[in-house]
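Engineer: Could you have a look at this structure, given as structure tokens, before my questions?
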Amino acid sequence: MKLKIGIFDSGIGGFTILRSLLETRKDVEVYYLADTKRVPYGNKDIEQIRSIAKEICNWFKDKNVDALLIACNTSNACALDIFEKNLEIPCFDLIHSVSETVTKKYIGVLATHATIKSSYYKRIIESKRKNVKVIQQACPEFVSEIERTNQDLNKLNYLSDLYINPLLKENVEEIILGCSHYPLIYNVLKNKIHSNIRIIDPSVALVNKFNNSFLIPKNDCCNCISQDNIKFFVTAKSEEFSKKVKYWLEINKEIKLV
Ligand code: DGL
């Protein structure tokens, strides 16, 4: 029997979570919802993000999923309580999951404007460990650039310097990619960050937490993405999203508009 899993993000950022999930197990049926009509979330105010979260909950209620993976840090930071209150299923989130895996004293967080404004990363990590200092950096222009079908590498390099340099000046020892879109440009970011600084993709911690709660059946591990049981839903422009699914995940699938 397959587990029905909901994954939700404003756009393609959740691919990083979907990829980590499908690389570890194949007993899942995934409902991936991308709110392409309203991406990016990171530049919206908190009330808007919370009200969108309520709509997202209603959509998933109808799908009868067994668990939700909140693949959007911005919704996680601004509206986790809404998901937990409105859905009577386990909700796995990036920020709590990754906060248990940091090990150093000076932690940098790159995230959207709304996530940084909420200070949720800072609060959660600093409350879990003594003598740890979280240095936050908002990256307001990253998501729109990453969402583009033809990425502008010069612009991505310029923005990476702009956002990463302030963290390097603070001598951070670990950098959390606190927006699920950012691991999609891991190679650009890696070139800007000294090799002694650990770069953390929170999707790994989230999927580990999920796998520890819903154990992988014996002989069910896999090392390739299985396309058969993934359904993609968008709130606008399904053709454009279909190209992105093909590009980032090498999956050819019909995308449904909701
Ligand atoms: N990928 C999401 C996040 O992790 C949302 C980014 C956005 O829409 O601005 O924050």
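Engineer: Computed over the Cα atoms, what is the radius of gyration of the range 59-156 divided by 2.2 N^0.38 Å, N being its residue count? Write down the numbers at each step before the final one.
Structural biologist: Details: Rg = 15.7 Å, N = 98, 2.2 N^0.38 = 12.6 Å.
With N residues counted in the range 59-156, Rg over 2.2 N^0.38 Å equals 1.25.
Engineer: To the nearest µm²/s, what D does Stokes-Einstein give for the range 105-258 at 25 °C and 0.890 mPa s, using the Kirkwood radius over alpha carbon pairs as Rh?
Structural biologist: The Stokes-Einstein estimate is 139 µm²/s.
Engineer: What ratio of Cα Rg to 2.2 N^0.38 Å holds for the range 79-129?
Structural biologist: Values: Rg = 12.2 Å, N = 51, 2.2 N^0.38 = 9.8 Å.
Its radius of gyration relative to the 2.2 N^0.38 Å reference: 1.25.
Engineer: To continue, here is another question. Across bins of 5 angstrom width beginning at 0, how are the C-alpha pair distances of the chain distributed, in whole percent?
Structural biologist: The percentages, shortest bin first, are 1, 6, 14, 18, 20, 18, 13, 7, 3, 0, 0.
Engineer: Something else now. Take the Cα atoms of the range 172-258, build their convex hull, and give its volume per residue in Å³. Each step should come with its number before you reach the end.
Structural biologist: Details: hull volume 13.9 nm³, N = 87.
So the per-residue Cα hull volume is 160 Å³.
Engineer: Quantify how much of the Cα-Cα distance distribution of the range 1-71 extends past 20 Å, in percent. Let's see the in-between values first.
Structural biologist: Working: 764 of 2485 pairs.
That tail contains 31 percent of the Cα-Cα pairs.
Engineer: Now, a different point. Give the Rg (one decimal place) followed by the Dmax (whole number) of the range 4-130, computed from C-alpha coordinates and expressed in Å.
Structural biologist: 14.5, 43
Engineer: Separate question: So with the 1.4 Å probe, I'd like the accessible area per residue for the chain, rounded to whole Å². Walk me through the intermediate numbers first.
Structural biologist: On the way: 11970 Å² over 258 residues.
So the chain comes to 46 Å² accessible per residue, rounded to a whole number.
Engineer: Same structure, new question: Charges only on Cβ, +1 for Lys and Arg, -1 for Asp and Glu: so what's the dipole of the range 37-180 about the Cα centre, in debye to the nearest 20? All intermediate terms of the calculation are to be shown ahead of the outcome.
Structural biologist: On the way: 20 positive and 19 negative charges, 72 e Å.
So the magnitude is around 340 debye.
Engineer: Can you tell me the convex hull volume per residue for the range 105-163, based on C-alpha atoms, in Å³ to the nearest whole number?
Structural biologist: On the way: hull volume 4.6 nm³, N = 59.
Per residue, the Cα convex hull of the range 105-163 comes to 78 Å³.
Engineer: Highest mean first, what order results for 10-16, 141-147, 186-192 on Cβ atoms within 10 Å?
Structural biologist: Values: 10-16: 25.6, 141-147: 20.0, 186-192: 13.4.
By packing density, highest mean first, the sequence is 10-16, 141-147, 186-192.
Engineer: So, R0 is 22 Å and r is the distance between the beta-carbons of Asn154 and Lys237; what FRET efficiency does that work out to, to 0.05? Each step should come with its number before you reach the end.
Structural biologist: Values: r = 26 Å, r/R0 = 1.16.
That pair, Asn154 with Lys237, gives E of 0.30.
Engineer: If you only keep lysine pairs separated by 8 or more in sequence, or across chains, how many in the range 142-258 come under 21 Å at the Cα atoms?
Structural biologist: Lysine pairs meeting both conditions in the range 142-258 amount to 19.
Engineer: Would you report the distance distribution of C-alpha pairs in the range 153-214 as whole percents per 5 angstrom bin, up to the bin with the largest distance?
Structural biologist: For the range 153-214, the pair-distance distribution reads 4, 16, 26, 23, 14, 8, 5, 3, 0.
Engineer: If you don't mind, there's one more thing I want to ask. Return the whole-Å distance between the Cα centroid of the range 128-172 and the Cα centroid of the range 197-215.
Structural biologist: Here the two parts' Cα centres lie 21 Å apart.
Engineer: On the accessible surface of the chain, probed at 1.4 Å, how many percent belong to carbon and sulfur atoms?
Structural biologist: Working: 5510 of 11970 Å².
On the chain, the fraction of accessible area on carbon and sulfur atoms equals 46 percent.
The values are calculated or read from the model by the stated rules, or taken from the named source; none is laboratory data. Model, not experiment: these values are computed from the prediction. A quick note on method: Cβ atoms are made from the backbone with ideal geometry, for glycine too, and the neighbour counts reach across all protein chains shown. When the accessible area is computed, the model is the full protein with side chains, heavy atoms only, and any ligands, DNA or RNA have been set aside. Shrake-Rupley method; radii C 1.70, N 1.55, O 1.52, S 1.80 Å.
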